[in-house]
Amino acid sequence: MRYNSIFDIIGPIMVGPSSSHTAGAARIGKTARDIFGRQPTNAEITLYGSFAQTYRGHGTDLALVGGILNLHADDEDMVNSFQLARDRGVEIIFKIVPEESDYHPNTARVRLSDSEGSLEAVGISLGGGKITMTEIEGFKISLSGDSPTLLVFHHDRYGAVARVAQALACKEINIGHMEVARKSRGDQALMVIETDQDLTNEIIEDVKQIDHVYSVALLTP
Amino acid sequence: MEKGINEAVLSRSGLTGGDALRLKEYAKSGKSLCQGVVLDAVNYALATSEVNASMGLIVATPTAGSSGVLPGCLLAAGRHLENSRQQMVSALFNAGGIGYVIANNATISGAAGGCQAEIGAAAAMAASAVVELAGGSPEQSAHAAAIALKNLLGLVCDPVAGLVEVPCVKRNSMGAAASIVAADMALAGITSVIPCDEVIEAMYKIGTMLPSCLRETSLAGLATTPTGQELNRKINNKDKK
């Protein structure tokens, strides 16, 4: 079953004109911004496949920028997002890769940065406003953003996963789905943890204190 | 939808907009041939689609490109039949149920199945919902959905300049008209000879047989007519500035 709920059919509530090219694009932008954790000063957006062919007509570019500026897919300010970016001092660069590639037809790569750091994420739009983030900081992952999701960047050491799971268990948080990706053995690694309960700042702070964890981000649907 | 009926909402490309207002004024003149529920449904569907094309706020039902049909039919029929809000919500679930079956057993994506998968699915959903609003049975709902979808089988997705505007906006209004007619036929006791599930399966198979040039790529059909190509050139040049 690709569609699990009536609300996947009646919905999402969104600004037009295309659920895959507008609402999905806005969610990719917003998810990248949420992982980055703050408003960037620079954003470099690369579009592939159908996104690259038809982004202007569908407002894909406006929607990605809107998402990066923290607008939800139903925010009627979306159409003004380029002006909003200028007002907020966010510099935007677009790169278009229209050639055939191995990427999914609706793929966007978003690189956000400011003086403190940067983040690179790749997302695909599946249609109907649904998305999957397929890559974060070079880690190959699969993240829908439909559940509260904890992203734990850590060093690949024994016990790291167990301690994070323990921290969640102490607060009665159930893990619905989890995956761990690493660059290579003993190198940097990323836990993607989707939970059934909402996560609080207190839990985030607990997880940050765990040995070998160097950065934590929270995504709320 | 209210926005599209009460003011001329122009899209960013300028290709569409203002027709819902035009139709509303015409309806007021009393000269319309299909005055009543059908004209209202057509008008509301047009208005919603125009707002969608202008990056306005809509609900995807089942997609943004086909977001005019269902609200157009629900509101036109619901107002005429003096349905309660609760009845309208229940009919919305009915439509969602039909869409759920189509989406999981076939497709609701124009890129995968052509326009029959978008406007076709939306029309089937709307026809089924209208039958419920009018007090018909679930079986009649399924027949109405089948009759509406059968009429749109084979419809290709060939948008001019790749925009969700031409012919999408007007196809929403025509889909709404077909839905109301299909609902009336089913309510009269007319049945679809081919069962609804089989019509959905046929739609999916037809979709897989459509060449990709007729599935949201703008490489054939209306998109490559002389006027379609001329508009494409104008819009792309305007964008490049």
Open item on the list: The conditions are (1) of a type outside the set (A, V, I, L, M); (2) within 9 Å of chain B (Cβ to nearest Cβ); (3) in a strand (DSSP E or B), and A:Arg109 fails exactly one of them. Which is it?
Closed with: (2)
Open item on the list: Which of the numbered conditions does B:Ser66 fail, given that it passes all the others? Conditions: (1) touching a residue at least 24 places away in the same chain (Cβ under 8 Å); (2) surrounded by fewer than 24 Cβ atoms within 10 Å (Cβ to Cβ); (3) not basic (Lys, Arg).
Closed with: (2)
Task: Options A:Ile193, A:Ile141: the member that is surrounded by 17 or more Cβ atoms within 10 Å (Cβ to Cβ), in contact with a Leu (Cβ under 6 Å, 6 or more places away or on another chain), of a type in the set (A, V, I, L, M, F, W, C) and under 21 Å from A:Asp34 (Cβ atoms) - done: A:Ile193
Open item on the list: more than 7 Å from every other protein chain (Cβ to nearest Cβ), at positive phi and open to solvent by 60 Å² or more (accessible area, probe 1.4 Å): is that true of A:Asn70 in this structure?
Closed with: yes
Task: Sole residue being surrounded by fewer than 24 Cβ atoms within 10 Å (Cβ to Cβ), among the acidic types (Asp, Glu) and within 14 Å of another protein chain (Cβ to nearest Cβ), chosen from A:Asp77, A:Asp34 - done: A:Asp77
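Here's the yes/no breakdown for (1) within 25 Å of B:Arg12 (Cβ to Cβ); (2) without any contact (Cβ under 8 Å) to a residue 24 or more places away in the chain; (3) open to solvent by less than 60 Å² (accessible area, probe 1.4 Å); (4) not assigned by TED's automatic domain parsing to the domain that holds A:Ala43:
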{"residue": "A:Ser81", "(1), (2), (3), (4)": "yes, yes, yes, no"}
{"residue": "A:Glu91", "(1), (2), (3), (4)": "yes, no, no, no"}
{"residue": "A:Ile96", "(1), (2), (3), (4)": "yes, no, no, no"}
{"residue": "A:Asp102", "(1), (2), (3), (4)": "no, yes, no, no"}
{"residue": "A:Ala108", "(1), (2), (3), (4)": "yes, no, yes, no"}
{"residue": "A:Leu119", "(1), (2), (3), (4)": "no, no, yes, no"}
- [ ] Return yes when B:Ser179 is closer than 13 Å to B:Ile147 by Cα and either free of Cβ contacts under 8 Å to residues at least 60 places away in the same chain or within 14 Å of chain A (Cβ to nearest Cβ) (or both) and no when it is not.
- [x] no
Open item on the list: Within segment B:17-95, considering only helices (runs of 4 or more DSSP H) that don't extend past its boundaries, which have at least 1 residues that are touching a strand residue (DSSP E or B) at 6+ places or on another chain (Cβ under 9 Å) and within 14 Å of another protein chain (Cβ to nearest Cβ)?
Closed with: B:37-53, B:69-80
- [ ] Collect the residues in segment A:30-54 that are more than 18 Å from A:Ser144 (Cα to Cα) and either among the aromatic types (Phe, Trp, Tyr) or free of Cβ contacts under 8 Å to residues at least 40 places away in the same chain (or both), keeping them in residue-number order.
- [x] A:Tyr48, A:Phe51, A:Thr54
Open item on the list: Could you check segment A:115-151 and list, in sequence order, the residues that are away from chain B (no Cβ under 14 Å) and not in a strand (DSSP E or B)?
Closed with: A:Ser115, A:Glu116, A:Glu137, A:Gly138, A:Ser144, A:Gly145, A:Asp146, A:Ser147, A:Pro148
- [ ] Restricting attention to segment A:1-31, report how many residues are at the interface with chain B (Cβ under 8 Å from one of its Cβ atoms), of a type in the set (A, V, I, L, M, F, W, C) and touching a strand residue (DSSP E or B) at 6+ places or on another chain (Cβ under 6 Å).
- [x] 3
Open item on the list: Among the residues that make up segment B:217-234, is at least one of them farther than 27 Å from B:Ala47 by Cβ, out of contact with any helix residue (DSSP H, G or I) (no Cβ under 9 Å at 6 or more places or on another chain) and either among the aliphatic types (A, V, I, L, M) or within 13 Å of chain A (Cβ to nearest Cβ) (or both)?
Closed with: no
- [ ] Looking only at segment A:166-179, decide whether some residue is of a type in the set (A, V, I, L, M, F, W, C), assigned to a loop (DSSP other than H, G, I, E, B) and open to solvent by less than 30 Å² (accessible area, probe 1.4 Å).
- [x] yes
Open item on the list: Among the residues of segment A:144-165, what is the count of those that are more than 21 Å from the chain's Cα centre (by Cα) and open to solvent by 20 Å² or more (accessible area, probe 1.4 Å)?
Closed with: 9
Open item on the list: Quick check on A:Ile175: is it among the β-branched types (Val, Ile, Thr) and over 18 Å from the mean Cα position of the chain (by Cα)?
Closed with: yes
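Tell me the residue from B:Ala177, B:Ala161 that is open to solvent by less than 30 Å² (accessible area, probe 1.4 Å) and on the phi > 0 side of the Ramachandran plot, please.
Numbers: B:Ala177 fails: on the phi > 0 side of the Ramachandran plot.
Checking each option against the conditions leaves just B:Ala161.
Can you pull out every residue in segment A:37-66 that is away from every other protein chain (no Cβ under 14 Å) and not polar (S, T, N, Q)? Can you show your working first?
Restricting attention to segment A:37-66, the residues satisfying the condition of being away from every other protein chain (no Cβ under 14 Å) are A:37-46, A:48.
Passing the criteria: A:Gly37, A:Arg38, A:Pro40, A:Ala43, A:Glu44, A:Ile45, A:Tyr48.
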Task: Pairs with Cβ under 6 Å, 6+ apart, first in segment B:210-226 and on the phi < 0 side of the Ramachandran plot, second assigned to a loop (DSSP other than H, G, I, E, B) and open to solvent by 50 Å² or more (accessible area, probe 1.4 Å) - done: B:Cys213/B:Leu219
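Determine if segment B:187-204 includes at least one residue that is more than 13 Å from the chain's Cα centre (by Cα), within 14 Å of chain A (Cβ to nearest Cβ) and over 27 Å from B:Met55 (Cα atoms). Walk me through how you get there before you give the answer.
Pass one, segment B:187-204, residues more than 13 Å from the chain's Cα centre (by Cα): B:187-204.
From what's left, within 14 Å of chain A (Cβ to nearest Cβ): B:200, B:204.
With the extra rule that they be over 27 Å from B:Met55 (Cα atoms), the set shrinks to B:200, B:204.
Yes, that holds for at least one residue.
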- [ ] Just give me the residues in segment B:96-121 being open to solvent by 10 Å² or more (accessible area, probe 1.4 Å), in a helix (DSSP H, G or I) and in contact with a Gly (Cβ under 7 Å, 6 or more places away or on another chain), in sequence order.
- [x] B:Ala112, B:Glu118
Open item on the list: For segment A:148-206, which positions are of a type in the set (Ser, Thr, Tyr) and touching a residue at least 60 places away in the same chain (Cβ under 8 Å)?
Closed with: A:Thr149
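The values are calculated or read from the model by the stated rules, or taken from the named source; none is laboratory data. Every value quoted in this text rests on a predicted model; they were computed, and no experiment measured them. Note that we place each Cβ from the backbone using ideal geometry, even for glycine, and neighbour counts take in every protein chain shown. When the accessible area is computed, the model is the full protein with side chains, heavy atoms only, and any ligands, DNA or RNA have been set aside. Shrake-Rupley method; radii C 1.70, N 1.55, O 1.52, S 1.80 Å.
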